[in-house]
Amino acid sequence: TGRVRVVREYDPEVPAVSGDADRLAQVFLNLVRNGVEAMEAGGDLTIRTRFERSAPQCGGRAAALVEVVDRGPGIAGEVQPQIFNPFFTTKATGTGLGLPISLRIVEEHGGAMEAESRVGEGSTFRVWLPLAGAEGGVTE
């Protein structure tokens, strides 16, 4: 396997999120591991954070967005809708539980997760987590 370089692009303006640190670490460890494994030839794995004042994915609440971007082979279009399904895997030795468990943890924290992938270009996994004390939705 090739060498993977982790590129960190952290927004210093992102406030804290509240939640179970161990369980959230499990989510990001899984996403990073998947990205590294996808890049057999090596390359850059980018971890990016951004503050969103009103994230529709979190009911309009302020949220931290974390993106994990790999430059692997990407996920085929017909497979993409299945990647969050339990026991679905494209790996020879995978259990198919990493992404479904990660999604459940994120949702239990009031957040959301999505994947975007282009064959031959790589994949981006986005995780939105509401900020500590963020009010729910826009009220009138």
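Brief remarks follow.
- For the chain, relative contact order (Cα pairs under 8 Å, six or more residues apart, normalised by length) works out to 29 percent.
- Relative to the longest principal axis of the Cα atoms of the chain, the long axis of helix 21-38 makes an angle of roughly 30 degrees.
- Helix 98-108 axis, angle to the chain major axis (alpha carbon atoms, nearest 10°): 0
- Of the chymotrypsin sites (Phe, Trp or Tyr not before Pro) found in segment 53-140, those in coil by DSSP whose Cβ has at most 13 other Cβ atoms within 10 Å are F87.
- For segment 7-85, the antiparallel share of DSSP beta bridges with both residues in that region comes to about 75%.
- Apportionment of accessible area to carbon and sulfur, the chain, percent (1.4 Å): 50
- Along its three principal directions, the equivalent ellipsoid of segment 19-78 from the Cα gyration tensor extends over semi-axes of 25, 15, 11 Å, largest first.
- Cα-derived Rg to Rh of the chain, Kirkwood definition: 0.98
The values are calculated or read from the model by the stated rules, or taken from the named source; none is laboratory data. Just so it is clear, the model here is predicted, and its values are computed rather than measured. FYI the Cβ positions are ideal-geometry reconstructions off the backbone, even for glycines, and counts take in every protein chain you see. Ligands, DNA and RNA are stripped out before the accessible areas are found, and what is left, the full protein with its side chains, is counted by its heavy atoms. Shrake-Rupley method; radii C 1.70, N 1.55, O 1.52, S 1.80 Å.
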